[in-house]
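To start, the structure itself, in structure tokens.
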Amino acid sequence: MSTTANVGAVTVRGGISSRPNGWDVRHVPETGSTNTDLLEAAERGDAGDRTVLRADHQTAGRGRLDRRWDAPPGTNLLVTLLSTDAGASPSTLMQRVGLAAVAAVEAAVGTSLPDRLGLKWPNDVLLDDAKLAGVLAQRSTTTGAVVVGIGLNVGWAPDGFSSLSSNLGCDVSPAALLDLLLERFDDERDVGERYRERLMTLGRTVRVELPGNRILDGVARDVDPSGRIVIESHGERHVLDVGDVIHLRT
Ligand code: BT5
């Protein structure tokens, strides 16, 4: 069925397919940012719980702290999931998306890759020690709805980063990878436990770049139930909810 979907600033003519597990997946060829569009659509009442927006290209893809997320048209998975569940925490949703991405990649490749593929706190997906995917959550100040966007390098990565095609020789399409990711998002096993299992940061010597140009060097000891990381540095424990982590070689 062909439908007209009004998504953010763009109106597209295209298919809206409902999937068995209740996702309403929408697709646009190009937009500024799928996070911005889906947040706005939710605020207008044009998108409900478990709406998903995927774009082939973003002209203003967003990273955290107003950084940019880049990908040439048609190369990578660029997608945002909407949750209007009042009880859902952004931190848990981000963990679920990161874990679902890891599981989707393993399904696409056909093997588990525990030593090569995992998560870096808070929510980067790493492949061969370089970023494969980044996750960005935003909450609507008016409705409380949460969007979680993920950019995953399928066929292209900037210099120094990983992609499925170059690191694994995997030629899955972004749309097929999204299907795998959505199938795995609803894994009901304990999220915190699964997150810690795949968190490559735990036990590592790290440098954390904190707001205000502060730096903390130490060992990542734990992640608390709120998703905050516990760093031990010079005998003191620091519990952090924001920061950029660099895994240092030991
Ligand atoms: C993130 O930010 O990692 C979150 C990225 C979220 C992107 C998705 S795409 C769909 C949805 N819609 C959006 O508008 N955003 C989300 P951060 O940790 O701040 O990382 C950003 C940094 O990663 C940039 O400053 C670059 O250094 C680097 N970067 C940019 N593009 C990249 C890519 N394709 N692969 C790896 N690193 C990249």
Of the residues LEU65, LEU93, only one is free of Cβ contacts under 8 Å to residues at least 60 places away in the same chain and within 14 Å of TYR195 (Cβ to Cβ); which?
LEU93
Unmet criterion (only one of (1) without any contact (Cβ under 8 Å) to a residue 60 or more places away in the chain; (2) touching a helix residue (DSSP H, G or I) at 6+ places or on another chain (Cβ under 6 Å); (3) not aromatic (Phe, Trp, Tyr)) for VAL146
(1)
Can you tell me which residue is nearest to ASP66 (Cα to Cα) among those in region 225-250 that are among the charged types (D, E, K, R) and exposed (fewer than 12 other Cβ atoms within 10 Å of the Cβ)?
ASP241
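Residues checked against (1) of a type outside the set (S, T, N, Q); (2) touching a residue at least 24 places away in the same chain (Cβ under 8 Å); (3) crowded, with 23+ Cβ neighbours inside 10 Å:
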residue: THR34; (1), (2), (3): no, yes, yes
residue: ARG44; (1), (2), (3): yes, no, no
residue: THR51; (1), (2), (3): no, yes, yes
residue: ALA55; (1), (2), (3): yes, yes, yes
residue: ALA60; (1), (2), (3): yes, yes, no
residue: ASN76; (1), (2), (3): no, yes, yes
residue: ALA86; (1), (2), (3): yes, yes, no
residue: SER89; (1), (2), (3): no, yes, no
residue: ALA100; (1), (2), (3): yes, yes, no
Condition met for ALA55 (part of a strand (DSSP E or B), at pLDDT below 95 and small (Gly, Ala, Ser))
no
Identify, by number, the condition in (1) hydroxyl-bearing (Ser, Thr, Tyr); (2) more than 9 Å from the ligand (Cβ to nearest atom); (3) not in a loop (DSSP other than H, G, I, E, B) that THR142 doesn't meet.
(3)
Qualifying strands (runs of 3 or more DSSP E) (wholly inside region 160-250; at least 1 residues being within 16 Å of the chain's Cα centre (by Cα) and not hydrophobic (A, V, I, L, M, F, W, C))
244-247
Output the number of residues of region 106-125 satisfying the condition of being in contact with a Gly (Cβ under 6 Å, 6 or more places away or on another chain) and either surrounded by fewer than 23 Cβ atoms within 10 Å (Cβ to Cβ) or part of a loop (DSSP other than H, G, I, E, B) (or both).
2
Report, by residue number, each residue of region 118-139 that is more than 10 Å from the ligand (Cβ to nearest atom) and either in contact (Cβ under 8 Å) with a residue 40 or more places away in the chain or closer than 21 Å to ARG44 by Cα (or both).
GLY118, LEU119, TRP121, LEU126, LEU127, ASP129, ARG139
Please go through region 145-171 and give me each residue that is more than 9 Å from the ligand (Cβ to nearest atom) and crowded, with 21+ Cβ neighbours inside 10 Å, ordered by number.
ALA145, VAL146, VAL154, LEU164
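The values are calculated or read from the model by the stated rules, or taken from the named source; none is laboratory data. Keep in mind it's a predicted model, so treat the numbers as computed, not measured. Methodologically, a virtual Cβ is constructed for each residue, glycine included, from the backbone with ideal geometry; neighbour enumeration extends over all protein chains shown.
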